[in-house]
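Bear in mind these aren't lab numbers, they're just calculated from the coordinates by the rules spelled out. Everything numeric here is computed off the predicted structure, so don't read it as measured data. Heads up, the Cβs are rebuilt from the backbone with ideal geometry, glycines too, and the neighbour counts pull from every protein chain shown.
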Amino acid sequence: MSVRPYLARFALLGAVLAAPAARASDLYSYVDSDGVAHFSNAPSDPRFRRIARLKDGGGVYRGGKAQARARPLPRSEAQARYREHIRAAATKYNLPEALLLAVMAVESNFDHRAVSEKGAMGLMQLMPGTARDMYVGDAYEPAENIEGGARYLRILANQYAGDMVKTLAAYNAGPEAVRRAGDGVPNIPETREYVRKVVALYEAYKAGR
């Protein structure tokens with residue numbers, strides 16, 4: 001799967017992949033004078049402060065099977081149900097709303113009570129450890145779950161320099177699996193299919209379909 005076409009479509013926020021001293025599992029943040037929150041795993045600005053330490057290998061399914069395989073809700077219905085939460089998270093973490101919709105569609109089919117066989121929870125299917133690291137108190141509460149999933153996507157996007165394919169692969173299988181795959185998409189059928197579906201839905205939602 002070619003990753004180059006997606007690089008320009010996935011905006012970055014803050015410093016990325018710079019200081020060698022920073023741990024890839026640490027998350028740093030600061031809020032600038034305009035009220036914009038900046039996040040990075042490799043801070044280059046003295047205003048950054050560490051706010052979380054992620055466990056290596058953290059992902060959503062870690063090889064487990066996604067629960068939701070039904071046809072996703074139409075874009076208009078999904079947006080109507082969670083529009084305010086999606087917009088807030090997309091704005092805060094500088095992510096496309098279409099990407100959050102696509103991830104939710106594949107992860108849970110927009111079922112906020114969804115639970116995978118591996119224990120991933122809610123709309124963005126957060127594993128318990130990932131939910132804790134993303135400060136999600138109730139993974140079944142839509143606003144908290146969407147916020148946590150968006151925060152984790154931003155961390156991964158910063159880690160992979162905005163590469164959407166690698167970001168999605170790590171969201172599904174975990175950053176450690178991506179590392180073991182030579183910084184590429186792991187040869188895991190579920191993960192490859194997951195990336196394909198999310199990217200296809202992202203393009204469809206972005207086009208208004």
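Points to keep in mind about this one:
- Taking the range 98-144 as the range and being among the charged types (D, E, K, R) and more than 15 Å from Arg81 (Cα to Cα) as the test, the residues that pass are Glu107, Glu117, Lys118, Arg132, Asp133, Asp138.
- Only one of Ala90, Ala98, Ala177 that is in contact with a Phe, Trp or Tyr (Cβ under 6 Å, 6 or more places away or on another chain) and surrounded by fewer than 24 Cβ atoms within 10 Å (Cβ to Cβ): Ala98
- When the test is whether a residue is in contact with a strand residue (DSSP E or B) (Cβ under 9 Å, 6 or more places away or on another chain) and either crowded, with 24+ Cβ neighbours inside 10 Å or within 16 Å of Lys197 (Cβ to Cβ) (or both), Tyr135 does not pass it.
- Sole exception among (1) buried (at least 24 other Cβ atoms within 10 Å of the Cβ); (2) farther than 23 Å from Ala88 by Cβ; (3) touching a residue at least 40 places away in the same chain (Cβ under 8 Å) for Ala169, by number: (3)
- Selection count where residues are out of contact with any strand residue (DSSP E or B) (no Cβ under 8 Å at 6 or more places or on another chain) and either surrounded by 24 or more Cβ atoms within 10 Å (Cβ to Cβ) or closer than 20 Å to Ala88 by Cβ (or both), scope the range 141-159: 10
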